[in-house]
Every structure is written in structure tokens, then in C-alpha cells.
Ligand SMILES: [Zn+2]
């Protein structure tokens, strides 16, 4: 492979017809001239074929696993990259943007105890206001500001009226169990959440742990319901609200 | 979003379309056919759970690569804790010149690294070497700047070189 060769991922996109027309032309003529790339493309196809050879079985296995998945609350998540200019201003105003995504840092074992505060900000139409009366509408875009006295590891769960549990943060697509907040102060969490269902009662459970420990969602839920303590002074804050059109 | 059944059929459609190339990704990281098949299944299950994080207008392929990379990272970490995968299972699929010894070495290196490096560094490394993404593609897929990718890869240059050698010699 030379520096002019397309990346393997680009060849995958080419193979799956996920390239623009100019890109397609360019890659096709590169393949005719390059001594290395055709073999890479062939290798991609061979590996694909190897998986697809077991396809009816793979499909059935996936279907069975999907059917075991619990029903979920419908939400639309807008990722941080798409935040509006308005939200960006709010972010600056809050002096936030402190999170880092590296999750393996050691958190100083000092000043962990203290308050954990959660603020829910709602954008409805052109207006932005704080959720204070526990009443939201289904099309509201919600953002969350977490105030902590120390750095820590955060998980935010949303529980709907039927008991469905959904992880809002960290973004499930990123993997990992916790979102690292790298300092004390206010943290405006990335992106916003829009709830789909017309009418429901919700609880937002915000857990802040001192270290990246193994903690099931059910343990957080239980602690919120019964007031039992979680290991390592892990703090929980609960915000309840109702949506109705 | 749609109903449960709709969501299931959306994921099944994605699985039919892209599972083969996600398998290519997982095989290049895990170097084990059975483990790679498991990783593909887990990727589409995770995609189902994360469907809400998929932004309309984004392309599915980088999104699935991102999830697949994270699934493989989790599996590397689990294996490194258990000392799992027997050496004879690790093969050099997904590379051009089969060489089981080198494949085993690459897998072991990744397992060790997965214990030592933070998530972001591992995601960058796996997307670059497993997913065969250019620096620009890694940056786009992870939603970070190309500079951040270059910086981490530079820091990991010695390791990166070793992986690259394992892949090409
Ligand atoms: Zn080439």
C-alpha cells in the first residue's frame, strides 16, 4: 500500500457502494493501476463471504437476541456535534465543556463527598427555560447540567412510568459504563434528549461515582427506591417529571 | 424511532447489509473467527440498544464501525483479564499473508494495550489498524479532530509500528 492508496475503510465503503460518484471513479481507476489494493479488496470480500456463508443461522441468532431485549422508551438523542448555536451560547455561558472522554484517569480521592446537583434545561420553540415544576412536553429538547464538588464518573438513567430503563449518559454507542467529569463545577452534558411518548411519568437518576466501578443499573434503581447506600459514597440525585402534550 | 418490531426489522436490514464487513473489522482486531462472529452479533445488538443515538443523516457504516470497535475493545479487555483465547485459535485472517505467529503476537499486543490504555486511545488504535481507517476517517467516526487523532497515534508510534509490521510482513 502506498500513501496514495485509499484506506481499507474507503475500500469497504467502495465495496458497499457508499462513496460519492467522483470517489467511485477515482477508486476504480486506482484499482486498475495499483498492485496492492485489489488484493485488499479481495480480502474484504472473502471475509464478508465467510460471514455470509453462515447467514441464515446468524440472522436467527440475532433475531432471538433482539426479541429478548426489553421494550424501550422512545427518545431521540441529538449528539453534541449537532447542538444548536443557542445551546453553544448556553455552553459558553455556563463555563462548561469540562468533560473529557478518557475514562481511565485516576480521580483524586479528596473532596468527593459533597453535593451533586442536576439542572434540566428545556428548549421549547424559541424559548429556553429551566425545568422547575416537573412538567415537560413531548417535543421539548432537554439538556442536563451536572454540578459536582469533585471530579467523578457519571451515569444518567431515565426510568419511564412502565419501569423501562434507558441509559442517557454515557451514550450507549460509545460503550463504557461511565462518563468522566474531569473537575468540580458545572458540566453541561453533550447533546439533548427529546422524549417521543405523549404522556408518561419519568424519573431521571443521576449517579456520580468516585471511581470507575462495576455498578448495575438495577443497583442504582434500588438505591434510589430504597435509600440504600451505594459503594464508595456513590451519590444519586433523582429528578421526577411528567410529559403531557 | 418506530415500534419494537419496526426497530428489530431495521436492525435486521442493517445486519444483512453490513454484517460481513463488520466481521472483517472484528476479525482483524480479534484474529479469531468464532470470537469475531460473536462480536458481530454483539455489535448489532448494541446498535439496537443505541438506535436512539443514531442521528438522522449520518451514515450507518461509520456508526456500526464505532460500535463494533467498542465491542471488540470490551472483548480484548475481558480476554486480557482471563488470559482467555488459546493461542491455536488466533489466526491471521484479515491480512494478506497468513502468518499465525504474527497474528498471535498482534492479538496479544492488543490485549495488553487494552489493559493499559484509556478508551479513547484504544478506539483510535483499533479504528486505525483494525478498521483500516485513515486518520481523517478515524476523526470523523469518533467525532474528534484529526489533530487529536494524529497526536495520540504519534504518542503510540512504537506500538503502531509493531502492529503495522505484523500486518504487512
Ligand atoms: Zn493502492
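The values are calculated or read from the model by the stated rules, or taken from the named source; none is laboratory data. For clarity, every value in this text was computed on a predicted model and none was experimentally measured. A quick note on method: Cβ atoms are made from the backbone with ideal geometry, for glycine too, and the neighbour counts reach across all protein chains shown.
Miscellaneous remarks
- Residue among A:11, A:41, A:32 that alone is more than 8 Å from the ligand (Cβ to nearest atom), without any contact (Cβ under 8 Å) to a residue 24 or more places away in the chain, on the phi < 0 side of the Ramachandran plot and not in a loop (DSSP other than H, G, I, E, B): A:32
- Single condition residue A:51 does not satisfy, out of (1) modelled with pLDDT of 90 or more; (2) away from the ligand (no atom under 16 Å from the Cβ); (3) surrounded by fewer than 16 Cβ atoms within 10 Å (Cβ to Cβ): (3)
- Taking the criterion of being buried (at least 21 other Cβ atoms within 10 Å of the Cβ) and farther than 24 Å from residue B:71 by Cα, the residues of region A:153-188 that qualify are A:159, A:187, A:188.
- Flag if residue A:69 is farther than 30 Å from residue A:218 by Cβ, at the interface with chain B (Cβ under 9 Å from one of its Cβ atoms) and away from the ligand (no atom under 13 Å from the Cβ): no
- Restricting region B:17-47 to residues that are farther than 23 Å from residue B:128 by Cβ and at pLDDT below 95, the residue that is surrounded by the fewest Cβ atoms within 10 Å (Cβ to Cβ) is B:34.
- Of the strands (runs of 3 or more DSSP E) lying entirely inside region A:149-245, those containing at least 1 residues that are touching a residue at least 12 places away in the same chain (Cβ under 8 Å) and touching a helix residue (DSSP H, G or I) at 6+ places or on another chain (Cβ under 8 Å) are A:152-160, A:165-169, A:185-188, A:192-195, A:200-209, A:235-243.
- Qualifying position, being over 15 Å from residue A:186 (Cα atoms), touching a residue at least 24 places away in the same chain (Cβ under 8 Å) and surrounded by fewer than 16 Cβ atoms within 10 Å (Cβ to Cβ), among A:141, A:137: A:137
- Hey, residue B:68 out of contact with any strand residue (DSSP E or B) (no Cβ under 9 Å at 6 or more places or on another chain) and modelled with pLDDT under 90 or not: no
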